[in-house]
Amino acid sequence: MALAHEMDKNDNKGPLSEESSGQPFGELIRDYKPLPDTIWRFGKPNYARVNKTYFQHRTMVHKEGSLEAVVSKIVKNWEVESHHIADIHQWQTMDVTAFKAAVNGGCPCNAQLMSDVGPYNMLLGETKDYSGGTQSFEQSNKTFSATFPEGFAWECLEVFSGPPNVLFKWRHFAPYSGTFTDKNGKQYKGNGEMFNLIGLCMAKVNEKLVIESLDIYYNPEDMIKPLVSTMVDHSQTVLGGDEEAEGKTAGPGGCSTDGACTLM
């Protein structure tokens, strides 16, 4: 994840920097090349900070050319597009005519919906403390950039099956050194401990390794619960908690809380 506050909307064209590729650390982990007419959604992303977190705290170092290394690069390039290019017709890592993404077997969303709401909101949906339906794409990026100011890194842990149906285990991680704001505006300050999120994904790709579908499996509450452990201002506490939302996690992907395939 490139940090929201490090992007300039006026600098919205051109290739990624060399430091975004990972090469200054001695390894090419992201080789995305935008089309000549590509417009960066929030300004050109800079991955220098998250790359530093990735190289410092990753748990796996995969051999070049291994399935794990290939999957890692594809996903990192996919993240560039899904977060930072608004026009799906400028996407290259996905077949936008066929693309579908679903979370935990829920209703799938297509490329345009993911571009509209953003990957965070698509993947998280509605949890007790986070609402993907009320956060805009830009707000969600700002929320998690403030939560993980050193970048929110991602690594492929293991690949269980090769193309065309690629099943792999992944880890999202970062020091929780920032401040998370929940859906009610309550703020929680991280203590710098390492945040870890583990999940699985089944990616269907074509012969060119272009993504046709993503089926992601993880518990969205595992993403949010660790972030709400330390409240900045205890006067914000609501006596009795949020009973209506307690225990509910609904709406990831294209599903609403009642199970209908609508926008969260």
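Numerical summary
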{"item": "Residue list for region 190-211, restricted to those being surrounded by fewer than 16 Cβ atoms within 10 Å (Cβ to Cβ) and either farther than 24 Å from Ile74 by Cβ or among the acidic types (Asp, Glu) (or both)", "result": "Asn191, Gly192, Glu193, Met194, Glu207"}
{"item": "Tally, over region 44-81, of residues that are within 14 Å of Val210 (Cβ to Cβ), free of Cβ contacts under 8 Å to residues at least 60 places away in the same chain and out of contact with any Phe, Trp or Tyr (no Cβ under 8 Å at 6 or more places or on another chain)", "result": "1"}
{"item": "Residues located in region 150-174, provided they are surrounded by fewer than 20 Cβ atoms within 10 Å (Cβ to Cβ), more than 17 Å from Tyr218 (Cα to Cα) and not hydroxyl-bearing (Ser, Thr, Tyr)", "result": "Glu150, Gly162, Pro163, Pro164, Asn165"}
{"item": "Selection from region 69-115 of residues that are within 17 Å of Met1 (Cβ to Cβ) and assigned to a loop (DSSP other than H, G, I, E, B)", "result": "Ala86, Thr93"}
{"item": "Hits in region 116-140 - residues which are more than 11 Å from Lys183 (Cβ to Cβ), open to solvent by less than 10 Å² (accessible area, probe 1.4 Å) and touching a Lys or Arg at 6+ places or on another chain (Cβ under 9 Å)", "result": "none"}
{"item": "Which listed residue, of Ala4, Ala48, is closer than 13 Å to His83 by Cβ and buried (at least 17 other Cβ atoms within 10 Å of the Cβ)", "result": "Ala4"}
{"item": "Residue match in region 95-102 (condition: open to solvent by 20 Å² or more (accessible area, probe 1.4 Å), over 15 Å from the mean Cα position of the chain (by Cα) and within 24 Å of Asn12 (Cβ to Cβ))", "result": "yes"}
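The values are calculated or read from the model by the stated rules, or taken from the named source; none is laboratory data. This is a predicted model, so every value here is computed, not measured. Using ideal geometry, Cβ is built from the backbone for each residue, glycine included, and neighbour counts are taken over all protein chains shown. Just so you know, the surface numbers come from the protein's heavy atoms only, side chains and all, with ligands and any DNA or RNA stripped out. Shrake-Rupley method; radii C 1.70, N 1.55, O 1.52, S 1.80 Å.
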